Amino acid sequence: MARQDRGAYRALYDLCAAKLFGVALRICRERSLAEEAFQEAFIAIWRSAGDFDPARGSALAWMAGVTRNRALDLLRKRGRGDRPMEDDALEVLLNEAEGLRGDQADLNALLQCLERLEETPRRAVILAYCGGLTREELAVRFDAPANTVKTWLRRALAALRGCLEE
C-alpha cells in the first residue's frame, strides 16, 4: 500500500472492507452516510499508508481509527446531532479494539482497564472516543463544567495508558 501497489490495495480491501464498513455504519447509522465515510476513509488510507507506524499499533486499529474519524467528520459536516448513545459507542470501541495488534488478549486488557475507571469518567471516555462528543457536549450530557470533563478525560486516559502498560 505504501508503494501505491494496486494489488496490495485490493488484497487489503478484501481483508478489511467488511470490518471497516461496520465501524462506519455503527457510527453513521445510515447506510449511505456510512458508504461515503468508508469510501473517504479507504482513499485516505491509500494516500497515507506510508505514514503508518507499526510501532504504534496494528494496521487494522490504525485503519479503524481513520474510518472512525472520517465517519465522525462526515456527521459533523452534515450537522447530524444524533451521536451514538453509550451502548453504541461502547460497541464501536470494542470493534475497533479487536484490531489492537490482532490479539484477543489486548481486547481483554482494554476491557479490564476500562472497568477500573470510575463510571462517569469511563462513560465520558467512551462517548468522546467512539461517539465523537466534544468536552462541551459531554459537559451538557453529564451536567458538569467543561473543565471538569477535561480533567476526567485527561486522568482517565492517563489511567488507561498506565493500566495497559502494566
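Calculate, in whole percent, how much of the Cα-Cα pair population of region 8-80 lies beyond 15 Å. For region 8-80, the fraction of Cα-Cα distances above 15 Å is 49 percent. Overall, the accessible surface of region 19-78 at a probe of 1.4 angstrom is composed of carbon and sulfur to the extent of 47 percent.
Would you tally the net charge around Ala156, using a Cβ to Cβ cut-off of less than 9 Å, leaving Ala156 out, and scoring K and R as +1, D and E as -1?
+2
Rolling a 1.4 Å sphere over the protein heavy atoms, what is the accessible area per residue of region 6-56, to the nearest Å²? Mind dumping the intermediate values first?
Working: 3040 Å² over 51 residues.
That works out to 60 Å² per residue.
Region 1-47 has equivalent-ellipsoid semi-axes of 22, 10, 7 Å, by the square roots of 5 times the alpha carbon gyration tensor eigenvalues, sorted largest first. Estimated from the Cβ-Cβ distance and a Förster radius of 35 angstrom, the FRET efficiency linking Thr134 and Asp53 is about 0.85.
Our coupling estimate for region 109-117, obtained by passing each phi through the Karplus curve with A = 6.51, B = -1.76, C = 1.60 and θ = phi - 60°, is 4, 4, 4, 5, 5, 4, 5, 6, 6 Hz, Gly and Pro reported as x. Here the Karplus curve 6.51 cos²θ - 1.76 cosθ + 1.60, taken at θ = phi - 60°, turns the phi angles of region 133-150 into couplings of 6, 7, 4, 5, 5, 5, 4, 5, 4, 9, 6, 9, x, 4, 5, 5, 4, 4 Hz, with x standing for Gly and Pro.
The values are calculated or read from the model by the stated rules, or taken from the named source; none is laboratory data. These numbers were taken from a predicted model, which means no experiment stands behind them. All Cβ positions, glycine included, derive from the backbone under ideal geometry; neighbour counts span all protein chains shown. Heavy atoms of the whole protein, side chains included, go into the accessibility calculation; ligands, DNA and RNA do not. Shrake-Rupley method; radii C 1.70, N 1.55, O 1.52, S 1.80 Å.
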